[in-house]
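Working notes for the structure below.
Bear in mind these aren't lab numbers, they're just calculated from the coordinates by the rules spelled out. All figures in this text were calculated on a predicted structure; none of them were measured in a lab. Please note: Cβ atoms are built from the backbone with ideal geometry, for glycine as well, and neighbour counts cover all protein chains shown.
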Amino acid sequence: MRGLRVLPMTKTNDGELFLAAEGDQIPEDLAVEIRRLAHDLSNALEIIVQTSYLLGTTGLKEPASDWLKMLDGGVQKALDINSNLRTYIKTHTPR
């Protein structure tokens, strides 16, 4: 992968990722690619969110209703991770 340098990362108390070394920036070409991937992930997650919503309108019975709750929980975690990724990229790129 183009000789990527792995930068030390840590988390804040609220789970947001940040670079351990102050002032480190993601190289612009890499940031562009990560932004593209995050955008594509957002589009895929939107399909899952909408499908989950539509399934919720069908009046599912147990255990399917429990599975839908599990799906919704996983989707929310994925959305949060994607949001954290986008914030991280914005914070650590020059533009």
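Quick check: convex hull of the Cα atoms in region 28-91, volume per residue, rounded to a whole Å³?
Dividing the Cα hull volume of region 28-91 by its residue count gives 60 Å³.
Which order do the peptides 69-77, 55-63 come out in when sorted by mean C-beta neighbours inside 10 angstrom, highest first?
So the order, starting with the most tightly packed, is 69-77, 55-63.
Stretched out fully, how many nm does the piece from Ala78 to Leu54 gain, at 0.36 nm a residue minus the Cα gap?
My answer for the length gained is 6.8 nm.
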